[in-house]
Amino acid sequence: MDDRPIGIFDSGVGGLTVLSEIAKRLPHENLIYFGDTARAPYGPKSRLTVLGYARQISRFLLRQNVKMIVVACNTATALALDFLQKELPVPVLGVIDPAIATLGHFGRQGKQRVGVIGTRSTVRSSVYLYRIRDAFPHYSVFQKACPLFVSLVEEGWAEKKVTAHIAHEYLDELVREDVELLILGCTHYPLLKNMLRQEFPGFELIDGGIETAKDVEHYLQTNHLQRLQGKGDVKIFISDLTDYFQTLEKLFFGGEIAGIAEVPWDDLARDENS
Ligand code: DGL
């Protein structure tokens with residue numbers, strides 16, 4: 001039994017999809033979410049930059065007395081998770097391994113051709129590719145960066161024709177490779193599930209957010225860190241608060257929120273040096 005909150009962070013609003021899955025699965029837990037809206041997107045950025053941001057945010061979350069940190073961003077997981085796990089005094093979980101863990105189940109059904117879609121930096125890091133090859137050496141893996149999906153989802157255009165059209169530009173090559181399993185390796189992509197199911201009925205979609213929530217639950221249970229009673233609350237901190245955030249929050253989360261506060265990014269950087 002551990003009443004301390006779980007810290008969850010992302011480059012911006014996308015990680016709210018992961019927050020939503022965790023909140024649904026673990027209703028007793030207090031959740032603190034940090035979205036780095038001032039410095040998003042992380043998708044096109046380098047390892048060094050994303051690692052620096054991830055370290056600053058983790059320190060902020062530690063000051064909120066979190067018992068665990070979940071890196072809800074695929075790009076930050078790909079570029080920074082290993083470092084954070086070594087450096088931080090609390091357990092740190094990412095979104096990549098939980099998605100990969102489901103592949104064994106599908107493999108037993110004979111599905112071993114995997115597509116991974118994500119931001120440019122996630123795909124360039126090839127973390128998904130290496131991890132899948134380690135765990136399932138017989139599987140075939142095809143990666144594709146789909147950077148426009150982030151803007152299309154944030155524009156609220158997930159169901160528009162233009163998005164389906166762009167999806168074909170990106171993904172038809174995976175269809176030609178007979179991909180059977182598609183890992184949605186970016187926080188925004190779960191909002192494209194309806195369109196993807198309609199346009200690409202041959203793909204089984206793997207949602208890292210749902211798998212991450214299961215992983216967090218499993219970790220808390222096995223380490224006796226759960227909060228077992230009472231209704232947990234959700235607090236959101238972001239580094240740039242605009243009117244549009246409310247719209248995006250409804251699109252990506254829509255649950256009950258105890259409070260939203262702004263923590264300017266230069267405060268994060270200053271705290272680091274103090
Ligand atoms: N959260 C990022 C991810 O999952 C997508 C948005 C961004 O590029 O910052 O990779």
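The values are calculated or read from the model by the stated rules, or taken from the named source; none is laboratory data. Just so it is clear, the model here is predicted, and its values are computed rather than measured. Every residue, glycine as well, gets a Cβ built from its backbone with ideal geometry; the counts of neighbours run over all protein chains shown. Quick note on the areas: whole protein, heavy atoms, side chains included, nothing else; ligands and nucleic acids left out. Shrake-Rupley method; radii C 1.70, N 1.55, O 1.52, S 1.80 Å.
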>> As a test question: what accessible area, to the nearest 10 Å², does R59 have when a 1.4 Å probe is rolled over all protein chains in place?
In response: 90
> Per the Kirkwood formula on distinct C-alpha pairs, the Rh of the range 140-249 is how many angstrom?
Replying inline: 16.5
>> Only sites in a loop by DSSP and with at most 10 other Cβ atoms within 10 Å count here; which chymotrypsin sites (Phe, Trp or Tyr not before Pro) in the range 228-262 make the cut?
In response: none
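FRET efficiency for I260 and Y130, Cβ-Cβ distance as r, R0 = 35 Å, nearest 0.05?
That pair, I260 with Y130, gives E of 0.40.
Given an 8 Å cut-off on Cα distances and at least 6 residues of separation, report the relative contact order of the range 60-140 as a percent.
The value is 30 percent.
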> Distance in nm between label sites at V162 and H138, each 7 Å beyond Cα in the beta-carbon direction?
Replying inline: 4.5
>> Can you compute the charge dipole magnitude of the chain about its Cα centre, using +1 on each Lys and Arg Cβ and -1 on each Asp and Glu Cβ, nothing else charged? Give it in debye, rounded to the nearest 20.
In response: 480
>> Taking the Cα centroid of the range 220-270 and of the range 129-147, what is the distance between the two, rounded to the nearest whole Å?
In response: 32
>> If the reach is capped at under 30 angstrom between alpha carbons, list the lysines near K161, excluding any in the same chain fewer than eight residues apart.
In response: K45, K111, K144, K193, K250
>> Among Q64, F83, V123, whose Cα projects farthest towards the positive end of the dipole of the range 24-133, with charges put on the beta-carbon of Lys, Arg (+1) and Asp, Glu (-1)?
In response: V123
> Which percent of Cα-Cα pairs in the range 1-117 sits in each 5 Å bin, short to long?
Replying inline: 2, 11, 21, 22, 18, 12, 8, 4, 1, 0
>> Test of the criteria: in the range 79-114, which trypsin sites (Lys or Arg not before Pro) are in a DSSP loop and have at most 13 other Cβ atoms within 10 angstrom of their Cβ?
In response: R108
>> Pairwise over distinct Cα atoms, reciprocal of the mean inverse distance: report the Kirkwood radius of the range 65-117 in Å, one decimal place.
In response: 12.6
>> With an 8 Å Cα cut-off and a minimum separation of 6 or more residues, compute the relative contact order for the range 142-202 in percent.
In response: 47
> So how do 222-231, 71-80 stack up, highest first, on mean other-Cβ count within 10 Å?
Replying inline: 71-80, 222-231
> In terms of modelled amide H atoms, which long-range or inter-chain residues lie less than 5 Å from the amide H of Q226?
Replying inline: D2
>> Can you give me the solvent accessible area of K250 with a 1.4 Å probe, rounded to the nearest 10 Å²?
In response: 140
> Mean 1/r over all different Cα pairs, inverted: what Kirkwood radius does the range 85-157 give, in Å?
Replying inline: 14.0
> Summing -39500 (n - 2.57) over the DSSP H runs of n ≥ 4 in the chain and dividing by its residue number, what mean residue ellipticity at 222 nm do you reach, to the nearest 500 deg cm²/dmol?
Replying inline: -14000 deg cm²/dmol
>> I'd like the FRET efficiency for D3 and F83, computed as 1/(1 + (r/R0)^6) with the beta carbon distance as r and R0 of 35 Å, rounded to 0.05.
In response: 0.80
> Counting alpha carbon pairs within less than 8 Å and at least 6 residues apart, what relative contact order, in whole percent, applies to the chain?
Replying inline: 29
> At a 1.4 Å probe radius, carbon and sulfur cover how many percent of the accessible area of the chain?
Replying inline: 49
> Which of the GluC sites (Glu not before Pro) found in the range 226-274 are in a DSSP loop and have at most 15 neighbouring Cβ atoms, other than their own, within 10 Å?
Replying inline: E256
> Counting Lys and Arg as +1 and Asp and Glu as -1, each charge on the Cβ, what is the dipole of the range 165-267 about the Cα centre in debye, to the nearest 20?
Replying inline: 560
>> In whole Hz and in residue order, list the ³J(HN,Hα) couplings for the range 187-192 that follow from phi through the Karplus curve 6.51 cos²θ - 1.76 cosθ + 1.60, θ = phi - 60°; x for Gly and Pro.
In response: 4, 7, 5, x, 6, 9
> Given a cut-off of 25 Å, what percent of all Cα-Cα pairs of the chain lie beyond it?
Replying inline: 43
